[in-house]
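J.: Structure in structure tokens, see below.
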Amino acid sequence: MERIGAQRLSECARAAPRALREDLWTVAADPLPTAGRPRWLDWLPAFMVPLVLLAAFITVNNVDELAWTYDLGISYALLLGGLQSAALVVAVFRPVPAWWAATILMVVVARVSEPRISGSEWYPWTGPGIALQAGVLFLLALRARPRTAAEALVISVLAGLACEAFTSQAHNSVVGSAVAVFSTAVVLGAALRAGGVARSRLAAQQEITAEERARRTLLEERNRIARELHDVVAHHMSVISIQAQAAPHLVENPSDELRENLAGIRQNAVEALTELRTVLGVLRSEDARSADARHDPQPTLGRLDELVGNVRGAGLAVTTRTTGRPRPLPPGVELSAFRIVQEALSNALRHAPGAEVRVEIGYRPAGVTVRVTNTAPDRAAPPSPGIGHGLLGMRERTAMLGGELATGATPDGGYEVTAMLPAKAHAERADPAEDTS
């Protein structure tokens, strides 16, 4: 164990210079998180104005103290004090080079002023120098990884201790106070950065979650449509098989060719039904409904009055109007039309409390038109418990049949859903009679 510990310590010692070089020997700017970052960072150009004013204020005090208290003269005080304040402003854009500049300037000021000051003056930092160094470390911690900020903090403290170790006289050391101020600045900057990173990751995760939810909802709706199509197609294939089996018995002395053709039709229907159940029947296993409910007949427009009656019982005022002569439609069209009306009424019940709803079914030679409109609600709707995907299901059903769907707000503040579902032309043309209830 001792050998393993010594080996790991040796590896860390060898890796430390490389890590320091990668973290602190760079001029690249580490961008702040763009998603979920604090709002005040959106005003960064405006934020620069008070920062420059603060740097100018500290410069005046720093120059005054360097020129007279630390006896550097006005020229050197202006040069060194101005460069220290400039490092604070540059740290907004290039924090690592600005920190190096601030640290080096601190060492230069300390070494030049040390023989000239009395033992009662602060050393190795001046009061304004501590503020400037803390500001640079704060901006560094805000822009760089915590490891980089910790390394910069340690080197800053070591630079101060080194200046204090090589002096010609005793001084009023402020290393302890500086460590407390610098540590607070680094911790605060790192905490703000961590919060911004967390918000950025949360925003990205929420976006991914929303996309996954939409994709999952789309797949679920397609699976539901596939299950319903399975029931419709399986029904027709079963009818074909039974009719092909019974047809020879309806003809007196059927020929062998007729028997053979009908047997082939029945065999093909049975094989197609078997393959259909193999491919699509597995979808029924994902349906959480009971076994009895799974075998219930699929709803059609013939059950529209039952649907409207249930909605009226829930408190929604609904009127219906049928144009054209009602006639049997393909099962897929009947089912999709019923589902579209059902979803539109559910949306009106949820999002338009107190509104009046009108359902119009128009039978045309080329198909059927479904139109559901509601007036503006008379009160605010309760908040929705989640993101609805009813319109997505309507579009899927309409696109599956090759129809058209139009949705949107009406001029009076209500909402309208119109679906045109094509179907094969009926043998007899629809009458223009109307049935209103």
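J.: Checking the conditions here, which among 414, 362 is open to solvent by less than 60 Å² (accessible area, probe 1.4 Å), more than 37 Å from the chain's Cα centre (by Cα), within 23 Å of residue 318 (Cβ to Cβ) and modelled with pLDDT of 90 or more?
T.: Exactly one residue qualifies, and that residue is 362.
J.: I would also like to ask the following. Mind counting the residues in segment 200-222 that are basic (Lys, Arg), open to solvent by 90 Å² or more (accessible area, probe 1.4 Å) and closer than 17 Å to residue 390 by Cα?
T.: Here the count works out to 3.
J.: Can residue 234 be described as modelled with pLDDT under 75, open to solvent by less than 70 Å² (accessible area, probe 1.4 Å) and part of a helix (DSSP H, G or I)?
T.: When the stated conditions are applied, residue 234 passes them.
J.: Just to be sure before I move on: is residue 141 in contact (Cβ under 8 Å) with a residue 24 or more places away in the chain, open to solvent by 40 Å² or more (accessible area, probe 1.4 Å) and out of contact with any Phe, Trp or Tyr (no Cβ under 7 Å at 6 or more places or on another chain) in the structure I sent?
T.: Against the criterion (in contact (Cβ under 8 Å) with a residue 24 or more places away in the chain, open to solvent by 40 Å² or more (accessible area, probe 1.4 Å) and out of contact with any Phe, Trp or Tyr (no Cβ under 7 Å at 6 or more places or on another chain)), residue 141 does not qualify.
J.: Could I ask something else about it? Could you please tell me which pairs satisfy a Cβ distance under 7 Å, a separation of 6+ or placement on different chains, a first residue in segment 98-126 that is of a type in the set (Lys, Arg), and a second residue that is in a loop (DSSP other than H, G, I, E, B) and open to solvent by 50 Å² or more (accessible area, probe 1.4 Å)?
T.: These pairs meet every condition: 116/71.
The values are calculated or read from the model by the stated rules, or taken from the named source; none is laboratory data. This one's a predicted model, so the numbers in the text were calculated from it and none came from an experiment. Reconstructed Cβ throughout: ideal geometry from the backbone, glycine too, with neighbour counts over all protein chains shown. In case anyone asks, the SASA skips ligands and DNA or RNA and just uses the protein heavy atoms, side chains included. Shrake-Rupley method; radii C 1.70, N 1.55, O 1.52, S 1.80 Å.
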